[in-house]
Amino acid sequence: MLSQLKAVLETLLEWFVIFLMVLLTFVVIVAVLWRLAGSSFSWYDEVAAILLAWITYYGAALAALRRRHIGFDSVLLSIPMPARMWAVAFAEAVTAGFFILLAWSGFTVLKVMTGMSLISLTWVPVTFTQSVIPIGAVLFLICQALSLPDYWRTTASGVSLEHAEIEEEVEHEMKKAGNA
């Protein structure tokens, strides 16, 4: 059940981040072409900055789900057991605390910005564009929690996540080569 939920969330986040990147690329290309034609969109900078922020927040949640954020597996694995698992628990607690604080701050910011709109697109509420802060923080927490059991297991066994993935990929390629 947990792995199915993780797979569904991963697929949704992948497609949403891809959609945002394609949309940002389209906006930038159209704005550049429009500018070369002698005109300029008043909304381009604001929309591009918002899309970049959304890609960052949703991409960070996807990276958390895949445990792709910067880590120090070799340092962590050099710590003897059970202190290693205490270090993992501490790091997870600090990370969760930060994102809980970020979500709370994001909701507070949304309350303050109620009624405001973008400067160039006055029909777009600022609360819509800034909703990525609390939503992204909560998504990060969910993704971190969903990926924790596998991370806990591999760290407890003394295997680096990066090395485990490399070994899986090599094994997969060996099987593929054997079937060819």
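The values are calculated or read from the model by the stated rules, or taken from the named source; none is laboratory data. Keep in mind the model is a prediction, meaning the values are calculated, not measured. Glycine gets a Cβ as well: all are built from the backbone with ideal geometry, and neighbour counts include every protein chain shown.
So the values come out like this:
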quantity: Qualifying position, being within 24 Å of the chain's Cα centre (by Cα) and on the phi < 0 side of the Ramachandran plot, among Ser117, Ser78, Ser105, Ser39; calculated: Ser105
quantity: From Leu110, Leu161, Leu146, residue being under 15 Å from the mean Cα position of the chain (by Cα) and surrounded by 15 or more Cβ atoms within 10 Å (Cβ to Cβ); calculated: Leu146
quantity: Within region 68-92, tally of residues that are hydroxyl-bearing (Ser, Thr, Tyr) and free of Cβ contacts under 8 Å to residues at least 60 places away in the same chain; calculated: 1
quantity: Candidates Ser147, Ser117, Ser105, filtered to the one that is touching a helix residue (DSSP H, G or I) at 6+ places or on another chain (Cβ under 9 Å) and closer than 29 Å to Ser3 by Cβ; calculated: Ser147
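Yes/no per residue for (1) under 15 Å from Val132 (Cβ atoms); (2) modelled with pLDDT under 90; (3) surrounded by 16 or more Cβ atoms within 10 Å (Cβ to Cβ):
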residue	(1), (2), (3)
Ile29	no, no, no
Leu51	yes, no, yes
Leu62	yes, no, yes
His69	no, yes, no
Pro82	no, no, no
Ala87	no, no, no
Leu102	yes, no, yes
Gly106	yes, no, yes
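For every residue, the table says whether it meets (1) more than 28 Å from Ala48 (Cβ to Cβ); (2) of a type in the set (S, T, N, Q); (3) touching a Ser or Thr at 6+ places or on another chain (Cβ under 8 Å).
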{"position": "Ser74", "(1), (2), (3)": "yes, yes, yes"}
{"position": "Met81", "(1), (2), (3)": "yes, no, no"}
{"position": "Trp86", "(1), (2), (3)": "yes, no, no"}
{"position": "Glu92", "(1), (2), (3)": "yes, no, no"}
{"position": "Ser105", "(1), (2), (3)": "no, yes, no"}
{"position": "Lys111", "(1), (2), (3)": "no, no, no"}
{"position": "Ser117", "(1), (2), (3)": "no, yes, no"}
{"position": "Cys143", "(1), (2), (3)": "no, no, no"}
